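The values are calculated or read from the model by the stated rules, or taken from the named source; none is laboratory data. These numbers come from a predicted model, not from an experiment. Cβ placement follows ideal geometry from the backbone for every residue including glycine, while neighbour counts extend to all protein chains displayed.
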Amino acid sequence: MTNSSQTALSIHSISMSYGANKVLDGIDVSLEAGKVLGLLGPSGCGKTTLLRLVSGLLLPDEGIIEIAGRAVAAPAKGIALPPEQRGLGMVFQDYALWPHMSVAKNVAFPLEMQRRSGAECRDRVAKALDRVGLGAMAERRPSDLSGGQQQRVAIARAIVAEPPLVLFDEPLSNLDRELRECMVEELSDLVADLNLSAVYVTHDHGEALTLADHVAVMRGGKIEQLACPDELVSNPATVAVADFLRLGCLLPADRNGDGWQVEGTSVRLPDGPVASAKSTLLLPERAMRLGSEGPAQFKARVLRAQTRSTGHALTLGIEGTNHLIRLVSAQRARIGDLIDISYSPEELRWFPA
Ligand SMILES: Nc1ncnc2c1ncn2[C@@H]1O[C@H](COP(=O)(O)OP(=O)(O)OP(=O)(O)O)[C@@H](O)[C@H]1O
């Protein structure tokens, strides 16, 4: 464990059960000050439980949680600080704004809880609202704002007391897709400008990869991989990570002579860095191109073609099999066409079976 004030959050060997159901199992993760940790994973993997343990809404069965070097939960030592003594900022999915209070009153709440003077409250609220671009809306009611603006009020309230750590619990999931895409970028800039230390829970991998410096991909109460976004995308540690991040096509393969054969196909691949007789290989979407110009190819049939703003979204079937490949291509292709797909063998990733 570390006591450095440079560490915003340190989670050590945390476990937690609901009755006989162990929902978190030996979680270890730490976060440097000024960085964002994304907690990403499918429904039920334990992200919200972990966030609640950090906030103090739940207590762990085992382990230690430190915020800015101070132990806030350590059952073995009888330490269990309630949420109000952890001094955290929190932003929730449903904004959790008080409808009968003005925007300024909502934002002032954490400072009033700390019994700050009226002048200090007014000054800090005005600064926080300016930072989220809502300086002109201080006297409005939350109901007179759009969903995106309400979420910015919630962010202003979370940062007004300059907490050592801000917790975001799926803050954009109530917004429609267009607004969400806009807010992800805004939020990412805001978090960087404010130099916030934050934990950001989401099941949307695009959000996590955009916003977080490090992402913990969770599965079944454990961290499957903890890495920066680039590393996760280029070197997923497991099939589950590659699958959850939808990095490309996962294919079962059998060792065959000095190479590999994709199960049920005539597609042969060069040797990979696994010793087992069977493996799953990832053919990343970004490694594939339409046409036969690349270093290696195979044939696939176009099953579906949809026009998107970014290109043509194609679903292809490796000829004569049920293996599907999805990719977005600048080139058009017609349903039923048999086309060549090129790829770079060095971009394949292998997982022992
Ligand atoms: N109050 C509770 N009582 C019993 N089991 C619970 C309770 N809250 C959560 N669980 C269980 O704990 C596990 C983890 O739940 P958690 O809410 O942390 O998952 P999550 O990853 O946040 O999922 P989601 O994305 O759907 O919110 C799940 O199996 C869930 O059913």
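Quick check, is PRO273 of a type outside the set (D, E, K, R), part of a loop (DSSP other than H, G, I, E, B) and modelled with pLDDT of 95 or more?
So PRO273 fails the test.
Take region 42-56 and flag every residue that is within 11 Å of the ligand (Cβ to nearest atom), under 21 Å from PRO164 (Cα atoms) and of a type outside the set (D, E, K, R).
THR48, THR49, LEU50, LEU51, LEU53
Matching residues to (1) at positive phi; (2) outside the structural domain of ARG180 (by TED's automatic domain parsing); (3) free of Cβ contacts under 8 Å to residues at least 24 places away in the same chain:
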{"site": "ASP204", "(1), (2), (3)": "no, no, no"}
{"site": "THR210", "(1), (2), (3)": "no, no, no"}
{"site": "MET218", "(1), (2), (3)": "no, no, no"}
{"site": "LYS222", "(1), (2), (3)": "no, no, no"}
{"site": "GLN225", "(1), (2), (3)": "no, no, yes"}
{"site": "VAL241", "(1), (2), (3)": "no, yes, no"}
{"site": "ASP258", "(1), (2), (3)": "no, yes, yes"}
{"site": "GLN261", "(1), (2), (3)": "no, yes, yes"}
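Which ones in region 234-250 are crowded, with 23+ Cβ neighbours inside 10 Å and either over 14 Å from MET288 (Cα atoms) or of a type in the set (Lys, Arg) (or both)?
Result: PRO236, VAL241, ALA242.
Just to verify a result, which residue in region 312-353, among those that are among the polar types (S, T, N, Q) and not in a strand (DSSP E or B), is surrounded by the most Cβ atoms within 10 Å (Cβ to Cβ)?
THR321
Would you please name the residue that is nearest to GLY46 (Cα to Cα), looking only at residues in region 7-23 that are among the β-branched types (Val, Ile, Thr) and more than 9 Å from the ligand (Cβ to nearest atom)?
ILE14
Among the residues of region 129-164 satisfying the criterion of being touching a residue at least 40 places away in the same chain (Cβ under 8 Å) and in a loop (DSSP other than H, G, I, E, B), which is farthest from the chain's Cα centre (by Cα)?
Out of the qualifying residues, it is ARG141.
Take GLU170 and tell me if it is within 16 Å of the ligand (Cβ to nearest atom) and either assigned by TED's automatic domain parsing to the domain that holds ALA68 or buried (at least 19 other Cβ atoms within 10 Å of the Cβ) (or both).
Judged against the criteria, GLU170 is a match.
Which residue, of GLU84, GLU66, is among the acidic types (Asp, Glu) and surrounded by 17 or more Cβ atoms within 10 Å (Cβ to Cβ)?
GLU66
Okay, residues lined up against (1) touching a helix residue (DSSP H, G or I) at 6+ places or on another chain (Cβ under 9 Å); (2) among the basic types (Lys, Arg):
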position: ILE65; (1), (2): yes, no
position: LEU97; (1), (2): yes, no
position: ALA119; (1), (2): no, no
position: ALA138; (1), (2): yes, no
position: ARG141; (1), (2): yes, yes
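Report yes if LYS77 is more than 16 Å from the ligand (Cβ to nearest atom) and closer than 27 Å to ASN21 by Cα, otherwise no.
Judged against the criteria, LYS77 is a match.
Just a yes or no: is a residue in region 32-40 away from the ligand (no atom under 16 Å from the Cβ), outside any loop (DSSP other than H, G, I, E, B) and surrounded by fewer than 23 Cβ atoms within 10 Å (Cβ to Cβ)?
yes
For region 61-75, indicate whether the set of residues that are out of contact with any strand residue (DSSP E or B) (no Cβ under 9 Å at 6 or more places or on another chain) and of a type in the set (Gly, Ala, Ser) is non-empty.
no
For region 69-91, give me the residue count where each residue is under 22 Å from PRO171 (Cβ atoms) and in contact with a Pro (Cβ under 8 Å, 6 or more places away or on another chain).
4
Answer yes if at least one residue in region 207-217 is in contact with an Asp or Glu (Cβ under 8 Å, 6 or more places away or on another chain), over 20 Å from SER30 (Cβ atoms) and not small (Gly, Ala, Ser), and no otherwise.
For region 207-217, residues in contact with an Asp or Glu (Cβ under 8 Å, 6 or more places away or on another chain), over 20 Å from SER30 (Cβ atoms) and not small (Gly, Ala, Ser): present.
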